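Step one of this worksheet: look at the structure below.
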């Protein structure tokens, strides 16, 4: 069952470029976790408040998310992303519904 991770990031003023670079590097660290590839992640920036970002992406299952969270490289990459944030709210989510038109 596909699981999504999602986070809201409140980035420190003036750290936007560093945050974006760290987020990309975090994606590379996640891809190195066994059982996580292929991996797709999306980073969005709020138009009316450019210090707020959201990111999300699918994982094959809950076990893959847990392997990522337990991986030392992924933990270090996440810490680097968090260093550029005032606040972050990451989580895992199950798909409840999908609408396609």
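The values are calculated or read from the model by the stated rules, or taken from the named source; none is laboratory data. Because the structure is a prediction, the values reported are computed rather than measured. Using ideal geometry, Cβ is built from the backbone for each residue, glycine included, and neighbour counts are taken over all protein chains shown.
Condition test on residue 73, is it more than 13 Å from the chain's Cα centre (by Cα), outside any loop (DSSP other than H, G, I, E, B) and under 28 Å from residue 17 (Cβ atoms)? The answer is yes for residue 73.
Here residue 87 fits the description: part of a strand (DSSP E or B), touching a residue at least 60 places away in the same chain (Cβ under 8 Å) and surrounded by 11 or more Cβ atoms within 10 Å (Cβ to Cβ). Taken over the range 1-44, the residue count meeting the criterion of being assigned to a loop (DSSP other than H, G, I, E, B), modelled with pLDDT under 95 and over 12 Å from the mean Cα position of the chain (by Cα) is 9. Among the residues of the range 51-65, is there at least one that is free of Cβ contacts under 8 Å to residues at least 24 places away in the same chain and either part of a loop (DSSP other than H, G, I, E, B) or surrounded by fewer than 14 Cβ atoms within 10 Å (Cβ to Cβ) (or both)? No.
Of the set (1) touching a strand residue (DSSP E or B) at 6+ places or on another chain (Cβ under 8 Å); (2) assigned to a loop (DSSP other than H, G, I, E, B); (3) free of Cβ contacts under 8 Å to residues at least 12 places away in the same chain, all apply to residue 47 but (1). Restricting attention to the range 29-40, the residues that are in contact (Cβ under 8 Å) with a residue 24 or more places away in the chain and surrounded by fewer than 17 Cβ atoms within 10 Å (Cβ to Cβ) total 3.
Of the residues making up the range 1-20, those that are in contact with a helix residue (DSSP H, G or I) (Cβ under 9 Å, 6 or more places away or on another chain), surrounded by fewer than 16 Cβ atoms within 10 Å (Cβ to Cβ) and farther than 21 Å from residue 98 by Cα are 12, 15, 18.
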